[in-house]
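Peer 1: Provided herewith is a single structure, encoded as C-alpha cells, for subsequent inquiry.
What follows draws every value from the coordinates through simple rules; no lab data is involved. Computed from a predicted structure; not experimentally measured. Cβ: placed from backbone, ideal geometry, glycine included. Neighbour counts: every protein chain shown.
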Amino acid sequence: MPRSVLGRLVLGRQRYAMAELGLKLIEGFTRDYMPGERPWDALGLLLIMYKMVKMHQRGRTASSSELSRVCGIPRETLRRKLARLVRLGFVEKRGHGYVIAAERLNDPMMLNGFRKRVVIVKRAPTKLLEMGN
C-alpha cells in the first residue's frame with residue numbers, strides 16, 4: 001500500500017498493523033495445524049471448529065445442519081468441510097454430531113506454534129501504543 005494511502009486513512013497505520021496481525025495469526029495457524037491448506041481455506045475450517053466449541057459450551061450438539069446455520073455455509077459445503085476436518089484428525093463424528101478431537105489439538109508441535117502466536121499477540125498492544133492515535 002503506498003504510504004500516501006495510509007496517511008489519508010484515519011488511523012491508517014494502526015489499521016494496517018491490525019490487519020497484519022490477523023494475517024500473521026492465520027498464516028501461523030495454517031502452517032502449524034494445516035500445512036498444505038491455503039490460508040483462506042484453513043480460516044474457514046477454523047471458523048467451523050470455533051463455532052463447534054461455542055455450541056459445546058452451551059451444551060448443544062454440533063450437527064451439520066446446526067453448524068451450517070451458525071456458520072452461514074450451505075449444508076453440503078459444510079459437510080465437505082467437516083469431512084476434511086475429520087480426515088485431518090481435528091474433528092470426530094459421534095452419533096448425529098461432531099466433536100473437537102482434543103488429542104490432535106494437544107499435539108506438542110501444535111502447542112509450540114500456539115505459544116509463538118501468543119507472543120505475537122502480546123507484543124501487539126505495545127506496537128499499537130507506539131504508533132499513537
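Peer 1: Being among the charged types (D, E, K, R) and within 16 Å of the chain's Cα centre (by Cα) is the filter; apply it to the stretch 96-133 and report the residue that is surrounded by the fewest Cβ atoms within 10 Å (Cβ to Cβ).
Peer 2: Here the residue is Arg115.
Peer 1: If you don't mind, another one. State the number of residues belonging to the stretch 50-59 that are within 14 Å of the chain's Cα centre (by Cα) and surrounded by fewer than 17 Cβ atoms within 10 Å (Cβ to Cβ). Spell out how you get there, then give the answer.
Peer 2: Quick first cut of the stretch 50-59, residues within 14 Å of the chain's Cα centre (by Cα) only: 50-54.
From what is left, the residues that are surrounded by fewer than 17 Cβ atoms within 10 Å (Cβ to Cβ) are 50, 53-54.
Matching residues across the stretch 50-59 total 3.
Peer 1: Any idea how many residues of the stretch 1-25 are under 13 Å from the mean Cα position of the chain (by Cα) and either more than 26 Å from Arg80 (Cα to Cα) or not in a helix (DSSP H, G or I) (or both)?
Peer 2: 2
Peer 1: OK, next. Can you tell me which residues in the stretch 21-49 are among the aromatic types (Phe, Trp, Tyr) and surrounded by fewer than 15 Cβ atoms within 10 Å (Cβ to Cβ)?
Peer 2: Step one: list which residues in the stretch 21-49 are among the aromatic types (Phe, Trp, Tyr), which gives 29, 33, 40.
The answer is Trp40, and nothing else.
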